[in-house]
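Here is the structure we will look at.
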Amino acid sequence: MELNASLSLVRPELILSFSALALLLLAAWREQAGRLISILSVGALVAAAAFVFAFMAKGTDVSAFDGLLVNDAFGNFAKILVYIAAAISLIIAPRFLEKTGAMRAEYPVLILLSCIGMGVMVSATDLISLYIGLELQSLSAYVLASFARSDGRSAEAGLKYFVLGALASGMLLYGASLVYGFAGSTSFAAIGTAMNGEVGLGLIFGIVFILSGLAFKISAAPFHMWTPDVYEGAPTPVTAFFASAPKVAAIALTIRIVLEAFGSQIFVWQQIIIAVALMSIIIGAVGAIGQQNLKRLMAYSSINNVGFILIGLATGTEQGIAAMLVYLTIYVAMTLGSFVCLMQLKDKDGGYREEFADISGLSKTRPALAAAFAIFMFSLAGIPPLFGFWGKLVVFNAAVAAGLLPLAVIGIAASAIGAFYYLKVVKVMYFDDAADVIAQSDDKVLVWTGGLLAAANSPLGYFAIPALGVWTAYAARALF
Amino acid sequence: MNAADIPVLSIMLAIPVVAAAFCLFVQAEQARLIALVATLANLALGIVLWLSYDPAGAQWQFTEAATLFGPIGWRLGIDGISLTLIMLSVFLMPICIGASWTSIQKRVGEYMAAFLLMETLMIGVFAAQDLLLFYIFFEAGLIPMYLIIGIWGGQDRIYASYKFFLYTLLGSLVMLIAMLWMIQFAGTADIPTLLNTDFPVEAQKWLWFAFFASFAVKMPMWPVHTWLPDAHVQAPTAGSVILAGVLLKMGGYGFLRFSLPMFPEASADFIPLVFGLSMVAVVYTSLVALVQQDMKKLIAYSSVAHMAIVTVGLFTFNQQGIEGAIIVMLSHGLVSGALFLCVGVIYDRLHTREISRYGGLSVNMPKYALLFMLFTMASVGLPGTSGFVGEFLSLAGAYKVSTWATLIATTGIILGAGYMLYLYRRIAFGPQVNADAAAMSDVNGREMWLLAPIAVVVLWMGVYPETFLAPIRRDVATIVARVERAAPAGDSKLKLVDLTTAPYRVVQGPEKNMAEGSH
């Protein structure tokens with residue numbers, strides 16, 4: 001009975017697991033069915049999301065498998081975000097991968113497996129389940145990074161990601177073992193109780209190691225070095241996936257462990273989070289300035305954005321967490337949109353371009369694409385009236401409410417540095433002479449997804465503010 | 001139907017946006033027409049607004065409220081100060097479109113769309129009654145202006161556009177943090193409520209500085225003015241008009257709407273800073289203007305000097321000074337806009353802004369010379385033009401606070417006469433040394449239509465300023481009453497009436513006649 005109840009709480013993961021296995025079988029017999037399997041995978045994600053919605057509507061807040069997982073509003077919100085991001089990554093991919101000769105039926109299956117891992121990550125309430133989820137997600141990601149097998153850069157990206165990712169997992173595990181040793185339990189709740197009194201040095205060491213490992217996964221400075229290389233080397237749809245869904249999952253995981261396990265000792269981790277946030281913002285902003293490759297630029301942009309998101313965590317308040325979720329939602333839309341634009345940069349011979357020189361004067365030859373790209377850039381820079389502004393605003397609002405004024409001031413000043421390189425993209429597209437290397441896009445799917453995401457990032461997105469506010473507040477409340 | 005029941009402000013905000021969307025999808029010819037029609041429609045609505053505004057009615061009129069965007073309240077409403085600045089915006093917009101009629105030939109649809117969006121954002125800044133909504137309008141203006149300078153600008157347009165964007169962005173971001181703090185403190189983002197919230201004196205200083213960082217850059221005040229000459233010189237003519245005409249006024253409006261009434265104590269504490277910077281600006285930028293070889297640069301520096309008079313007037317804490325500052329803002333918006341148009345007229349013919357390439361234009365362009373003369377005189381502050389009224393009032397107000405600051409600021413008028421007349425002499429008088437300049441044709445019908453309305457308003461404001469003072473008087477009095485508790489004691493020895501406690505020209509009361517004398 002207990003098992004049945006637990007299983008019913010992880011129905012989304014079960015659906016995804018069985019779909020992944022079935023599709024893998026299908027792929028074994030039908031080698032060329034990549035597109036079909038992609039469509040079926042999106043269907044599986046939709047079905048899983050439907051269950052999550054049902055949980056959310058019911059307001060479930062129950063733990064499963066003897067406290068290994070929890071099914072609560074926070075996890076469910078993160079799952080929906082993850083599924084949406086993964087579905088978009090699936091929708092935009094097939095044509096690109098076919099063109100570059102890398103389309104395999106395993107691509108959607110790996111994304112599904114990764115989604116299961118992420119589902120476990122966001123609902124884990126135990127160090128063991130946390131690690132299992134994280135590794136399932138990471139291992140799928142390592143393979144995805146080197147998915148373009150014939151491309152040397154892709155292979156390099158996969159190897160780099162794997163070696164550094166393994167190192168980070170090791171750090172995380174080491175920290176987890178220290179925490180287990182000093183707290184006497186792997187369950188977040190028990191660790192939280194053990195931390196109520198005086199916190200020993202060993203426990204602090206454990207927390208630092210865990211946070212370092214997680215900082216790697218969310219590509220926060222100073223553990224960000226892998227990001228530009230992996231983002232550049234991986235096939236663009238995979239990069240779009242990396243920049244969206246796993247970020248959401250890893251950040252949600254960080255939020256949960258920090259608040260549920262270490263929540264009572266805010267002074268232990270708050271300064272770490274603040275330092276990491278500020279470093280990420282500044283390194284992300286400064287590092288992007290010299291980049292010539294647009295995917296590397298997006299990598300630094302994601303480092304920069306993670307910094308802003310972490311400001312919400314540094315507050316340690318319910319308002320801060322809700323703000324992070326708002327930012328994450330908008331960030332997913334912005335970053336996926338930018339990558340959709342990048343994927344449309346195709347020259348007349350069908351080759352994909354990703355350098356600054358290629359988008360020179362794009363607004364003259366492809367005005368709609370340039371306009372969409374400009375919207376995403378201004379939105380990422382947080383310039384009103386674009387929707388990205390709202391994300392920054394709520395995060396800084398939470399920081400101000402929590403009394404972290406210096407953090408807010410430094411962070412917002414650094415965002416002006418960040419604006420510089422976003423502006424550079426707009427400048428190259430709008431002010432420079434046309435290079436005329438980019439051909440008309442023949443991929444209707446990309447045009448439509450790009451257009452929809454651009455509309456969501458335009459001031460039209462403001463209409464979503466009330467609903468977004470309600471849902472994120474509801475999700476954040478589950479942690480307090 | 002009663003005019004107050006129609007959401008006039010929302011309609012005024014919506015018309016340009018809709019028109020901008022159309023402009024993006026049509027040919028150049030139609031885009032120009034759409035833009036002109038939309039701006040004229042807004043001008044007509046502006047006139048309706050002006051006529052139906054009741055100076056004796058409620059403080060905030062034409063108010064609208066909707067909760068579409070959650071915490072960002074769509075709350076609009078205007079008082080007299082907003083009204084005059086909105087009028088300035090809608091008045092200048094059709095002129096800008098007209099000024100770009102032939103000089104802009106590439107990407108016309110996008111150009112018109114950018115200008116129309118600017119119009120919406122400018123009206124929004126002056127009409128917003130919610131702090132966050134204000135910030136959005138205030139900051140969003142950066143994007144179209146960045147594109148206008150960067151796409152349609154001159155040689156060094158890219159440098160100028162970056163400088164413009166990053167300078168103003170950095171200034172405003174700090175203000176955003178302050179705004180968030182204020183919203184936390186007061187529990188509302190409603191500007192009319194915040195206007196009557198007393199913030200702790202200690203916090204006021206920080207808040208004041210944060211707002212100052214933004215408005216001083218926007219204004220611009222010395223030493224953060226350096227973006228302005230670059231932006232002005234590189235922007236297309238109409239861009240310069242909007243920049244000088246309306247965007248700079250956002251800084252002054254900000255001081256007036258936020259810094260003064262919300263942080264009276266801090267404002268009083270920082271009077272020496274504001275006056276000091278303004279004094280430096282007046283003298284320094286006037287001297288810099290004297291040696292400019294580039295017409296637009298000269299006018300840009302003169303803008304900084306004029307804006308310094310505005311800041312002096314605003315921080316006098318008395319009725320005359322603040323009214324004067326508002327009139328200087330309006331007058332400068334018209335006059336510098338007109339001067340940039342005058343530059344544009346001859347730039348379109350000879351494609352150079354260098355002063356020495358012209359000369360003796362009064363011979364071959366008499367109508368042009370006459371109009372240019374009028375605007376030069378208005379810029380100098382000749383009695384009978386709008387410039388005189390504003391400068392006189394603000395300096396008269398400043399005299400009550402600081403005689404020294406007034407003395408130094410007044411030299412700006414003398415220096416202003418110097419550089420403007422010197423400019424005029426070099427362009428309009430003297431021998432016709434340049435054959436190509438001598439062959440230029442006089443202003444055509446279109447250019448006449450652009451300059452003549454401004455000339456009429458400049459003279460109107462100079463001869464009968466009451467039209468423009470009437471709607472703002474009560475609102476300025478409200479601000480003066482609000483800041484009175486912190487008003488500085490003047491250093492002038494001459495005290496006939498205690499004017500700090502009896503603001504001049506309070507409509508009722510026996511002291512009316514006595515105070516009237518100051519006009």
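The values are calculated or read from the model by the stated rules, or taken from the named source; none is laboratory data. Every value quoted in this text rests on a predicted model; they were computed, and no experiment measured them. Note: ideal-geometry Cβ built from the backbone for every residue, glycine included; neighbour counts use all protein chains shown.
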*On the given criteria, is B:ALA14 out of contact with any strand residue (DSSP E or B) (no Cβ under 7 Å at 6 or more places or on another chain) and farther than 18 Å from B:MET145 by Cα?*
yes
*When you look at A:PHE356, is it aromatic (Phe, Trp, Tyr), surrounded by fewer than 24 Cβ atoms within 10 Å (Cβ to Cβ), closer than 23 Å to A:ARG296 by Cβ and touching a helix residue (DSSP H, G or I) at 6+ places or on another chain (Cβ under 6 Å), yes or no?*
yes
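Residue by residue, here is whether (1) under 18 Å from the mean Cα position of the chain (by Cα); (2) touching a residue at least 24 places away in the same chain (Cβ under 8 Å) holds:
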| position | (1), (2) |
| --- | --- |
| A:GLY290 | no, no |
| A:PHE308 | yes, yes |
| A:THR335 | yes, yes |
| A:SER338 | yes, yes |
| A:LYS348 | no, yes |
| A:LEU362 | no, yes |
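Yes/no per residue for (1) among the polar types (S, T, N, Q); (2) outside any helix (DSSP H, G or I); (3) more than 21 Å from A:PHE420 (Cα to Cα):
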{"site": "A:ILE257", "(1), (2), (3)": "no, no, yes"}
{"site": "A:GLU260", "(1), (2), (3)": "no, no, yes"}
{"site": "A:LEU278", "(1), (2), (3)": "no, no, no"}
{"site": "A:ILE283", "(1), (2), (3)": "no, no, no"}
{"site": "A:ALA288", "(1), (2), (3)": "no, no, no"}
{"site": "A:SER301", "(1), (2), (3)": "yes, no, no"}
{"site": "A:GLN319", "(1), (2), (3)": "yes, no, yes"}
{"site": "A:VAL326", "(1), (2), (3)": "no, no, yes"}
*Answer yes or no: is there a residue in the range A:373-383 that is within 18 Å of A:SER301 (Cα to Cα) and of a type in the set (S, T, N, Q).*
yes
_Subset of the range A:271-298 (residues that are surrounded by 19 or more Cβ atoms within 10 Å (Cβ to Cβ), within 30 Å of A:THR193 (Cβ to Cβ) and of a type outside the set (Gly, Ala, Ser))_ = A:ILE273, A:ILE274, A:VAL276
_Here is a list: A:PRO367, A:PRO385, A:PRO406, A:PRO459. Which entry is more than 7 Å from chain B (Cβ to nearest Cβ) and touching a residue at least 60 places away in the same chain (Cβ under 8 Å)?_
A:PRO459
*Here is a list of conditions, (1) surrounded by fewer than 24 Cβ atoms within 10 Å (Cβ to Cβ); (2) facing chain B (nearest Cβ under 8 Å); (3) over 20 Å from A:LEU345 (Cβ atoms), and A:PHE431 meets all of them except one; can you say which number that is?*
(3)
*So B:SER356 clears everything in (1) modelled with pLDDT under 85; (2) buried (at least 24 other Cβ atoms within 10 Å of the Cβ) except one condition, right? Which one?*
(2)
*asked:* Among the numbered criteria (1) in contact with a Ser or Thr (Cβ under 9 Å, 6 or more places away or on another chain); (2) surrounded by 13 or more Cβ atoms within 10 Å (Cβ to Cβ); (3) not basic (Lys, Arg), which one does B:VAL433 miss?
replied: (2)
*Assuming A:PHE373 fulfils every condition listed in (1) hydrophobic (A, V, I, L, M, F, W, C); (2) touching a Gly at 6+ places or on another chain (Cβ under 8 Å); (3) more than 9 Å from chain B (Cβ to nearest Cβ) apart from one, which condition is it?*
(2)
*asked:* Quick check on A:VAL326: is it at pLDDT 90 or above, farther than 26 Å from A:PHE267 by Cα and either facing chain B (nearest Cβ under 8 Å) or buried (at least 21 other Cβ atoms within 10 Å of the Cβ) (or both)?
replied: no
*Which condition number does B:ALA31 fail, the rest of (1) within 28 Å of B:ARG257 (Cα to Cα); (2) crowded, with 16+ Cβ neighbours inside 10 Å being met?*
(1)
*Among (1) assigned to a loop (DSSP other than H, G, I, E, B); (2) within 28 Å of B:GLY153 (Cβ to Cβ); (3) more than 12 Å from chain B (Cβ to nearest Cβ), which single condition is A:ASP442 missing?*
(2)
_Per-region count, the range B:66-90, residues in contact (Cβ under 8 Å) with a residue 40 or more places away in the chain and either out of contact with any Gly (no Cβ under 7 Å at 6 or more places or on another chain) or surrounded by fewer than 21 Cβ atoms within 10 Å (Cβ to Cβ) (or both)_ = 16
*What helices (runs of 4 or more DSSP H) completely inside the range B:106-221 contain at least 2 residues that are over 30 Å from B:LEU49 (Cα atoms) and more than 10 Å from every other protein chain (Cβ to nearest Cβ)?*
B:157-186, B:201-218
*Inside the range A:126-154, can you point out the residues that are assigned to a loop (DSSP other than H, G, I, E, B) and surrounded by 19 or more Cβ atoms within 10 Å (Cβ to Cβ)?*
A:SER146, A:PHE147, A:ALA148
*Would you point out which residue out of A:ALA220, A:ALA215 is of a type outside the set (S, T, N, Q), in a loop (DSSP other than H, G, I, E, B), crowded, with 24+ Cβ neighbours inside 10 Å and under 22 Å from the mean Cα position of the chain (by Cα)?*
A:ALA220
*Report, by residue number, each residue of the range B:183-203 that is over 26 Å from the mean Cα position of the chain (by Cα) and not acidic (Asp, Glu).*
B:ILE183, B:GLN184, B:PHE185, B:ALA186, B:GLY187, B:THR188, B:THR197, B:PHE199, B:PRO200, B:VAL201, B:ALA203
